[in-house]
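Right, one structure below, let's go through it.
The values are calculated or read from the model by the stated rules, or taken from the named source; none is laboratory data. Here the structure is a predicted model, which means the values were calculated and not measured. With ideal geometry, Cβ positions are generated from the backbone for all residues, glycine too; neighbour counts draw on all protein chains shown. Note: accessible area is taken over every heavy atom of the protein model, side chains too, but ligands, DNA and RNA are not part of it. Shrake-Rupley method; radii C 1.70, N 1.55, O 1.52, S 1.80 Å.
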Amino acid sequence: DATGWTCLYGINFGTNTPALAAAEAEFVAKALGPKLEYFQVGNEADRFGSTIRDPKTWSVDAYLDEWAPFAAAILARVPNARFGMPDIASNAQWFARIGERIATDPVRSHIACLTHHYYIGGPPSNPDMTIERILKADPHVRQVAGVVRDAAAKLSTAWRMTEGNTCYRGGKPGVSDVFAATLWAADYMLNLASMGYAGVNLHGGDGQMVANSLGGKLPGDELVHDDPASHPHPYYTPVAHIGSKYVAEPVYQGMAFAQHFAGAKMIPLDFDPGPVNATAYAAKRPDGKLLIAVINKDANARLVFSPGVAAKAQYRLQAPSLTSTDISFKPDAPSQASPSTLAGLAPGSALLIEA
């Protein structure tokens, strides 16, 4: 109630029954009322073949055959229930088949969202999980977006990234919990927004709960040399519970940067940073103002650019280095540059511009 947050509520699918799922859904719907966005029945079902189902027979069609009785039982108890599906871990090819089968099914009108997860890579012990890796453009992001967008069009529904972050299995210290992750989060969220996603949910939560799901310990703890309790857990969480305090972590700062685009309509933008590792996004706000975000993910190169319109810097996101946790996100100081040309953007920083 204090935050005004709504809820995407997950219901166990892998080891549950339709009757129990329906009873739970009915209780949740009454408890949450309008704060309930939709039910997500099942988590990463595309991985069931390697965990709790027969790998010889498990497939997207087997999933849909099992999912349908759950949906029917829930709708019998909660007639206006809406669903997100299938919340895949990685197999985006499931979307095409789901689009084909659900398109002619009456349950189609109850599908609120097509959903999937995304982690750049992992686990924390993987030497390839570096700052350079998370700040490099990942072509897989656009490939998955194309597949899910096509399936969503068949169902006339939205699509959403419902769980993800930098490094899976709890994040990597020195990569997931530093300013580089701030820039990644800002860029990733705005990138998805520019491709039509309805929303993004970055993974975090209570560190012990995440550790329990990984066998009782976060793998990243083996990579730190001081007291692991002094670090955020999980390492990639936007908000950490450290001691008796809740602390806004680097990923949170990236989310706060992207949040300025909430309610605005993303618009195409021509942007050529040359050899600099940088991205830019634009949107039209309800008040008619143009909002532009420029993110310089390059560790060394300064980005010099002109917005092409009369513009004024609004907020600057920066830190002493990509490995720093001393992050500044505040209104920009008045610039002496002409209103149509900005002086440039330092390595490892981001800027919000209003035009």
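As a test, work out the antiparallel percent of DSSP beta bridges whose residues both lie in the chain, rounded to the nearest 5. Approximately 55 percent, going by the DSSP bridge assignments.
What the Cα convex hull of the chain gives, in volume per residue, is 159 Å³. Counting only alpha carbon atoms, the long axis of helix 139-155 and the longest principal axis of the chain meet at about 50°.
Helix 18-32 versus the longest principal axis of the chain: what angle, 0 to 90°, nearest 10, using Cα atoms? Tilt relative to the chain: about 50 degrees. The trypsin sites (Lys or Arg not before Pro) of segment 245-302 that DSSP puts in a loop, and whose beta carbon has at most 14 other beta carbons within 10 Å, are K289, R302. Between N212 and S156, full extension at 0.36 nm per residue minus the direct alpha carbon distance yields a gain of 16.4 nm. Ignoring ligands, DNA and RNA, what percent of the 1.4 Å accessible area of the chain is carbon and sulfur? Carbon and sulfur atoms account for 53 percent of the accessible area of the chain.
FRET efficiency for the pair V141 and A299, taken as 1/(1 + (r/R0)^6) with r the Cβ-Cβ distance and R0 = 22 Å, rounds to 0.55. Here the calculated FRET efficiency for E100 and A72, from their Cβ-Cβ distance with R0 = 25 Å, stands at 0.80, rounded to the nearest 0.05.
Within segment 139-232, the trypsin sites (Lys or Arg not before Pro) that combine a DSSP coil assignment with at most 13 other C-beta atoms in a 10 angstrom radius are K217. Once R0 is set to 35 Å, what does the formula 1/(1 + (r/R0)^6) return for the Cβ-Cβ distance between K330 and R82, expressed as a FRET efficiency to the nearest 0.05? Computed FRET efficiency for K330 and R82: 0.35. Over the chain, accessible surface divided per residue gives 48 Å², non-protein components excluded, 1.4 Å probe. The stretch between K56 and D1 holds 15.2 nm of extra length on full extension. This uses 0.36 nm per residue minus the Cα-Cα distance. With a simple spin-label model that places each label point 7 Å from the Cα along the Cα-to-Cβ direction, the separation between D272 and A355 comes to 1.6 nm.
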